[in-house]
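> Below: one structure in structure tokens.
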Amino acid sequence: MFEQLFDAALLESVVRAMVPILLAALGGMICERAGVFQIAMEGMMLAGAFAAVAGSYLAVYSGLGVLFGVAAGVLVSLMLAFGTVSRRGDPIVLGIALNLMALGLTGFLLPQIFGVRGTFRHERIDGLDRLPIPGLSDIPWIGPVLFDQTILGYLAFLLVPGIWLILFRTPVGLRLRGVGERPLAAESLGVSPIAYKYGAVIASGVLSGLAGAQLALGNLVLFTEGMSSGRGWVAVVAVMLGRAHPFAVFGASLLFAFAEGLGFRLQGNGLPVQITDALPFLVTLIALIAARKRFARLLDLTTGA
Amino acid sequence: MAEQVTVHRPTLASKVGAALSHPVVFSLVFAFALGWLIVYLTGRDPGFAYSEMLNGAVTGSGLRNTLGRAVPIIGMALAVSVAFRSGVINLGGEGQMVVGGLAGALVAIYTPGPGELVIPLAMVAGGVAGAAWAMLPAFGQTRLRLPILITSLLLNYVARAITGYLVRFHFLDDSVTLTSTRQVPEIARMPRMPIFGGVSLSLALVIVLVAVAWVVYGRTVSGYETQMAGLNGRFARYGGIQVERQTVGVMVVAGTIGGIIGTHMIIGDAYRFIDGELVVSGLAWTGLLVALLAANHPVMILVAGLLFSGLQIGGLAMQRNADVSWRLSQVLQALVIVAVASRLTFGWFKRRRTGPSEGELEPAAVGEV
């Protein structure tokens, strides 16, 4: 039984499922560190996925797709930054509204631009190639799992230690955390909270846009309405569970991706799709219960308790 | 935001200026202007699209359909407002509606007896199921300190999966290609009122709910206490209000309304429970936007609900006649809330032009917008 379930192919699909969640979660983590409550990753990811497909279709080149995806993520993030940072609007309301805006806008543009409803696939859409690293990718088990990724997959892995270095070992990271934890103290030292918060939100726009591009050009080569299907929310939980620490956020993303990958596998073994679809969310809920002491801040934010 | 109405005799320009200085009016204008641009950029005629939208919402069968669609939108908005105004961020309206909808549908399909009995029974079943589903995140917050914001949202996906599973494997109608239950028998369907060419009786129910909410919110102790908890949880606790108990209470009320609306969507609208249809319709989320636009005020919810319903029904006509997808309506609705939440006003643009800085903004509380 276990030999049927756990093999290299399962791990491959786990890693594939993890990349978009991890990219989005890393962005949400940067925002959390800067003291911006960020729940718009779902919408930014969806906008990124649509724009990536549109760009790739336009140029028959996945590079332009990725660029478009990033631009779309940044566009939504600018609206969020303006509303929450400049106008001190409610981050929860803005996050929800922007998620719905992205859902509506991509659903609107799909028939308007491409003349199809539901799903858009086309031979002009150039998917992201997998780039096996010579030598390393031949290692049994680990090779195909880790060293046969798209460029965005490698980027996601490198960003985990990379962002850790920036956050905890550079002046920029120190100031960013200072802005999040003690905005007044940071300001009195000449650090502009507004600039750092904008930077953090835009960074999460870039990362969520990349997450969307990976989803629509890497994991699949198509766009489906609402294709982010809750991954942005799972990323929100990954940030909470990982307490906005890069390696812990990585671990949380891996856990959820494992549930998704396992779901795919069980589906192949005959379990109904309705059950396997719910699996990542059930695992997320169970992980929340297991780590429940960690959410005091969000609870304070939403109940004023 | 201070109103900058001139003290002199009001001219037309000053009246327009005064209207625009109201944040909601300005946000609506802003959203429609942006929508105009979006339609223009995708190569269609925005003027024609908007006029078809307006026509479709109020002429012909449009008015009847607008009133019909307003039922779930206003209902879900009320459900959201019950929770939001007391600071409970219930994003699980969709799940509560879906679970309640299936429970109500099954009762309506499989209970024999006259409509006078079956219809209320289905409503009760839907309400109970919705309330039970809403209690999961409620107790999650009060007992386990898990934020309702997250758990209620995640449970939407679980609700979709469970109901989909039940329909597919236990209550499937083999005679159609859809993943759907059997049809609700004619006798168990919600009757229509003989106005505007037949509007579901549920509209009357929703109007009664609005009136009840208006009385409870504004005229009763529990209405006051729940609002206090939303404005300042710490203060409410200090004043002796049992916030935890209240959290469970408002979630139960919100879930009950959600479940009843879900039931209405089956026995008063679609007449069968189709897997995923209540999710794809996005009605729970439209209701949430309506509650935000109306700042949880029941009468304003009625007005905003009719407006957003008209947008959607008009949007369908626009799609038929002007080749502009009805999803534009969803974009407009979300943009209005983005603008309101960003506190965009005419005054802000003017001040930006002229320079001097405005006073420090206080962070907005959830639900106040």
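The values are calculated or read from the model by the stated rules, or taken from the named source; none is laboratory data. Keep in mind that this is a model prediction, so the values were computed, not measured. Virtual Cβ from ideal backbone geometry, glycine too; neighbours counted across all protein chains shown.
> Give the residue, chosen from B:144, B:121, that is surrounded by fewer than 21 Cβ atoms within 10 Å (Cβ to Cβ), more than 16 Å from residue B:98 (Cα to Cα) and within 11 Å of another protein chain (Cβ to nearest Cβ).
Working: B:121 fails: within 11 Å of another protein chain (Cβ to nearest Cβ).
Unique residue meeting the criteria: B:144.
> Is there a residue in region A:36-46 that is surrounded by fewer than 24 Cβ atoms within 10 Å (Cβ to Cβ) and either closer than 13 Å to residue A:249 by Cα or not small (Gly, Ala, Ser) (or both)?
There is at least one residue in region A:36-46 that is surrounded by fewer than 24 Cβ atoms within 10 Å (Cβ to Cβ) and either closer than 13 Å to residue A:249 by Cα or not small (Gly, Ala, Ser) (or both).
> (1) buried (at least 17 other Cβ atoms within 10 Å of the Cβ); (2) of a type outside the set (S, T, N, Q); (3) modelled with pLDDT under 95; (4) on the phi < 0 side of the Ramachandran plot: which one isn't true of residue A:217, the others all being true?
Result: residue A:217 passes all but (3).
> Out of all the residues in region B:333-345, which are over 15 Å from the mean Cα position of the chain (by Cα) and in a helix (DSSP H, G or I)? Break it down into steps so the answer makes sense when it comes.
Taking region B:333-345 as the starting set, the residues that turn out to be over 15 Å from the mean Cα position of the chain (by Cα) are B:335, B:338-345.
B:335, B:338, B:339, B:340, B:341 - these are the residues of region B:333-345 that are over 15 Å from the mean Cα position of the chain (by Cα) and in a helix (DSSP H, G or I).
> Going through region B:313-332 one residue at a time, which ones are among the aliphatic types (A, V, I, L, M) and assigned to a helix (DSSP H, G or I)?
Listed by number, the residues that qualify are B:313, B:316, B:317, B:318, B:322, B:328, B:331, B:332.
So that you can scan it fast, the table gives a plain yes or no per residue for (1) more than 14 Å from the chain's Cα centre (by Cα); (2) at pLDDT 85 or above:
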residue	(1), (2)
A:233	no, yes
A:236	no, yes
A:241	yes, yes
A:258	yes, yes
A:287	yes, yes
A:295	yes, no
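> Can I ask one more? Out of B:184, B:248, B:206, which single residue is modelled with pLDDT of 95 or more, buried (at least 16 other Cβ atoms within 10 Å of the Cβ) and within 30 Å of residue A:272 (Cα to Cα)?
B:184
> Let me ask something additional. Could you grab me the full set of residues in region B:324-369 that are farther than 27 Å from residue A:91 by Cα, out of contact with any Pro (no Cβ under 9 Å at 6 or more places or on another chain) and at pLDDT 65 or above?
Listed by number, the list holds a single entry, B:326.
> Also, I was wondering about something else. Please indicate, with yes or no, whether at least one residue in region B:127-136 is within 14 Å of chain A (Cβ to nearest Cβ), touching a helix residue (DSSP H, G or I) at 6+ places or on another chain (Cβ under 8 Å) and at pLDDT 95 or above.
yes
> Looking only at region A:148-188, which residues are free of Cβ contacts under 8 Å to residues at least 12 places away in the same chain and aliphatic (A, V, I, L, M)?
A:158, A:165, A:166, A:172, A:174, A:184, A:185, A:186
> Continuing with this model, one more query. Looking at A:205, A:261, A:199, A:180, which is the one that is more than 14 Å from chain B (Cβ to nearest Cβ), assigned to a helix (DSSP H, G or I) and surrounded by fewer than 20 Cβ atoms within 10 Å (Cβ to Cβ)?
Matching residue, one of A:205, A:261, A:199, A:180: A:199.
> Are any of the residues in region B:274-296 away from chain A (no Cβ under 14 Å), part of a loop (DSSP other than H, G, I, E, B) and not aliphatic (A, V, I, L, M)?
No, every residue in region B:274-296 fails to be away from chain A (no Cβ under 14 Å), part of a loop (DSSP other than H, G, I, E, B) and not aliphatic (A, V, I, L, M).
> Filter region B:78-88 for residues that are more than 14 Å from chain A (Cβ to nearest Cβ) and closer than 20 Å to residue B:278 by Cα and give the result.
B:78, B:79, listed by residue number.
> Among the helices (runs of 4 or more DSSP H) confined wholly to region B:42-148, which include 2 or more residues that are out of contact with any strand residue (DSSP E or B) (no Cβ under 8 Å at 6 or more places or on another chain), without any contact (Cβ under 8 Å) to a residue 12 or more places away in the chain and farther than 30 Å from residue A:240 by Cα? Full working, then the answer.
Numbers: elements: B:46-58, B:62-84, B:93-110, B:115-144.
Output list reads B:46-58, B:115-144.
> Return the total of residues in region B:299-315 being touching a residue at least 24 places away in the same chain (Cβ under 8 Å) and either aromatic (Phe, Trp, Tyr) or under 19 Å from residue B:36 (Cβ atoms) (or both).
Restricting attention to region B:299-315, the residues satisfying the condition of being touching a residue at least 24 places away in the same chain (Cβ under 8 Å) are B:299, B:301-302, B:304-306, B:308-315.
Those still in the list that are either aromatic (Phe, Trp, Tyr) or under 19 Å from residue B:36 (Cβ atoms) (or both) too: B:308, B:310-312, B:314-315.
Qualifying residue count, region B:299-315: 6.
> How many residues are of a type outside the set (Lys, Arg) and facing chain B (nearest Cβ under 7 Å) if we restrict to region A:64-95?
Going through region A:64-95, the residues of a type outside the set (Lys, Arg) turn out to be A:64-86, A:89-95.
So of that shortlist, the ones also facing chain B (nearest Cβ under 7 Å) come out as A:79, A:82-83, A:89-90, A:92-94.
Qualifying residue count, region A:64-95: 8.
> Only residues that are closer than 23 Å to residue B:133 by Cβ and either touching a strand residue (DSSP E or B) at 6+ places or on another chain (Cβ under 6 Å) or crowded, with 23+ Cβ neighbours inside 10 Å (or both): list them for region B:165-181, please.
Narrowing region B:165-181 to residues closer than 23 Å to residue B:133 by Cβ: B:165-172, B:179-181.
Of everything in region B:165-181, those that are closer than 23 Å to residue B:133 by Cβ and either touching a strand residue (DSSP E or B) at 6+ places or on another chain (Cβ under 6 Å) or crowded, with 23+ Cβ neighbours inside 10 Å (or both) turn out to be B:167, B:180, B:181.
> Starting from residues that are in contact with a helix residue (DSSP H, G or I) (Cβ under 7 Å, 6 or more places away or on another chain) and either of a type in the set (D, E, K, R) or free of Cβ contacts under 8 Å to residues at least 40 places away in the same chain (or both), keep the ones in region B:273-298 and report whichever is farthest from residue B:340 (Cα to Cα).
This residue is B:275.
> Then there's this: Which of the residues that make up region B:1-50 are acidic (Asp, Glu) and at pLDDT 95 or above?
The one that is acidic (Asp, Glu) and at pLDDT 95 or above: B:45.
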